[in-house]
Each structure stands twice: as C-alpha cells, then as structure tokens.
1. For Thr112, put the label point 7 Å out on the Cα→Cβ axis and report which residues of the range 133-171 keep their amide N under 12 Å from it.
2. Using 0.36 nm per residue of separation minus the Cα-Cα distance, give me the extension gain between Asp262 and Val127 in nm, one decimal.
3. Compute a Gaussian network model of the chain, connecting alpha carbons closer than 10 Å, and tell me which residue from Ala235, Ala209, Ala93 fluctuates the most.
4. To the nearest 20 debye, what is the magnitude of the charge dipole of the range 72-196 about its Cα centre, counting +1 on the Cβ of each Lys and Arg and -1 on the Cβ of each Asp and Glu?
5. To the nearest 500 deg cm²/dmol, what mean residue ellipticity at 222 nm is calculated for the chain from DSSP H runs of n ≥ 4 alone, each contributing -39,500 (n - 2.57), summed and divided by the residues?
6. How high is the relative contact order of the chain, in percent, counting Cα pairs under 8 Å that sit 6 or more residues apart?
7. Which whole-number percent is the relative contact order of the range 4-102 (Cα, under 8 Å, 6+ apart)?
8. What is the calculated FRET efficiency for Trp233 to Asp77, with r their C-beta to C-beta distance and R₀ = 41 Å, to the nearest 0.05?
Amino acid sequence: MSDVSFERQSNTSNCRFFVNLTSALDKPASVNFSTIAGTASSNVDFVPQSGVLTFAAGQKQLYIDIPITGDSLRKNDQAFFIELTNPENCTLADTKNKITIINDGIYLPTDTSGYTTPIAYSGYNLVWSDEFNGSSLNTQDWNYETGGSGWGNHELENYTSRLQNVFVSSGNLVIEARKEDYNGNEYTSARINTMSKKEFKFGRIDIRAKLPVGKGLWPALWMLGSDISQAGWPACGETDIMELIGTYPNRVVGSFHWQKQDGSVGSVSNFKELSSEDFSHQFHVFSLVWKQDSLVILVDDQPYSVASSQTVINGNYPFNASSFFIFNVAVGGDWPGPPNNTTAFPQRMFVDYVRVFQ
C-alpha cells in the first residue's frame, strides 16, 4: 500500500485505494481492512468502509472504493486512514496508510463588511466594470500572466492560471498564494491583466478589495502604460493604486513611476495607514482620480498620494496616455523580502469589483 491523495469533487465520488501483493501466490490470501477517521470525519467527509479482501491464487492486486462526500468549499486539506489487520497466508509491509482529501473547490465565501462606493457619480458615466459575479474569470477582459522568472523583482512565486491560484467565487475575484513546489519555485500565486482588452485614459477608478498580510506578501492593484511594448518600462509610466507590504499590514502605498531624462526611475509615493485592525479584516476601496496632467490616489475616499505634470518635471510625463490594469499577489521580492515561519499559507486577495467612470 501507499499513501493516496484525492481531489474532492462537488458530488460524492469514489477514491480507489489499491492493495498489492509483492508476488502472486499459489493459494488464496486475505486481509481485513477498515477506515479510521482523522481530520476527515466518518459519515461527514467520507463513508466508512470495512471488510475482507481475498486474493485468489495468482491474483496480485485488489482495491477498495471509498465514497468521498461531495463539497465545493475551499478549505484546508483533510486526511483519514486505512488500516489492514489479520493477514492470512501473507504478511503486511504497511498496516496503516493515509488518504488526503484535497479541498480545492472554488466556493469560498468571505465576510463582505467594509467600505463601499456608489455605482454612479455626478458628472461621470460608468464605462466599464467587473463585478466578478460569474462562475469564472472573464477572459474577454482579462489575461493570465504565468511563470516563475522573478518578474524583475526577484519574486519567489510561480504565477499560474490554475483554479488553485485564481478563481471567481461568491461575487469576488480570489487570488490565492500558496506554499508549494511548482516548476522550480517554492510558492504559487496569480497575476492577471487587461492589456489590449480593456485600456483607459482618465476618469475615476474604484477597486474594492480585501488584502492578504504577512511577512513576504506583496499584493498589488496597479496600471501600466499601454505603450509598454514600444516604450519599455518605466518610460510607459506605472500607477500603483495599491501596494501592501505584508510586514506592515495596516499600511498601503500609492505610487507613480516614470523615466527620468538620465534613464533612471522617477517616483512619487505616499502611504496611508489604518488606525485600527489591518487591511485583511474588511474590504476597502482603492481609487484613482485621473485627469489631464494630474492623478490622485485615495483609500476609502481619502486622498493621500498625488502627482501632476508640475511635479513630474524630470523626464517625459507619461500619464496622459492610456493604461491597463494588473492585479497580483507576489510572494517575496526585493521590497518585502521572503516569507518566514510566521507567514501562514494559503493567503488570499479578494476583489469585489473594479469600476471605471469617465
């Protein structure tokens, strides 16, 4: 026998557990089996099984089908055990093995309390929004960015398009960072963008989100200039509507980056801190009010980071051209540093909506 992992389905389905003889015998052999609860509970997570396996002469393999109860809730993995006893005409190399239930369902409700903003503003029209009310990410509007190259910041994660890392549930986009070995990286997460699909110039942008916190985490809601393929970075301009470094869970940073005349990076940046709790407890709204020659970043309608053509005077001012969105949760990198043993995983960023008014 050997340990088994089983990906739980939304409907009850069988986990097949194989029992093998190392060699065929010229006479029958038998062994008793029974399931034993662990973090997975009998008659809740699985239907308990017991009985006798009888190998006919010459037979080397039998199996036990164990019904795993259907559940689409994403939660921690669970485990139970199969125990073998009373061998007849054989000996047991293993007497107890573990079955791990992988709970990667895409149903993940969360507390929706927190700040919210209206669906309409005087003098503006809503030109685009994603309320994330469907059952999957709308790939007519969003692209997946994938890979584990470090992304220019020595990040540690591998961004994937898997449902383990990015999915839509209960009216929210969920980006989940995990500690797991994947294609040479020790962590996974997701990064999505609207490049070439939804690009905007000027207006008010509202993004309602609840953020992950912890050492080494780096969630971000940001924009890059649409001409990045031609101009490169930072000449295209970067607008960081929200960045959080997990070491400072009650602080978000709003920034603007561009290219100076000598080719170096110019930056205007400021931060906003909550007086109580942190950004993982409730939803907050991260906004950008963007006009010709000026930009203002807000948290819960409180402005705190400002740039304009009067302050960006060294180099070309790139913020009067269109930009696209990027949403991601980085793990590690030059700014936050790596996680440590205080960082719990998985970590999730929930995005309730993104709205663009012009």
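1. In the range 133-171, the label zone of Thr112 (backbone N under 12 Å from the point 7 Å along Cα→Cβ) covers 133, 170-171.
2. Numbers: separation 135, 0.36 × 135 = 48.60 nm, distance 3.76 nm.
Between Asp262 and Val127, full extension yields an extra 44.8 nm.
3. Of the options given, Ala93 has the highest mean-square fluctuation.
4. Values: 8 positive and 16 negative charges, 27 e Å.
Value, rounded to 20: 140 debye.
5. Numbers: 1 runs with 4 residues, N = 358.
Mean residue ellipticity, 222 nm, calculated: 0 deg cm²/dmol.
6. Numbers: 941 pairs, mean separation 65.9, N = 358.
Taking the mean separation of contacting Cα pairs over the length of the chain, I get 18 percent.
7. Numbers: 214 pairs, mean separation 40.0, N = 99.
With pairs under 8 Å counted, the relative contact order is 40 percent.
8. Numbers: r = 39 Å, r/R0 = 0.95.
After rounding to 0.05, the efficiency reads 0.55.
No value in this document is a laboratory result; all are computed from the given coordinates. Nothing here was measured: the structure is a model prediction, and the numbers come from that model. All Cβ positions, even for glycine, are placed from backbone atoms using ideal geometry, and neighbour counts span all protein chains on display.
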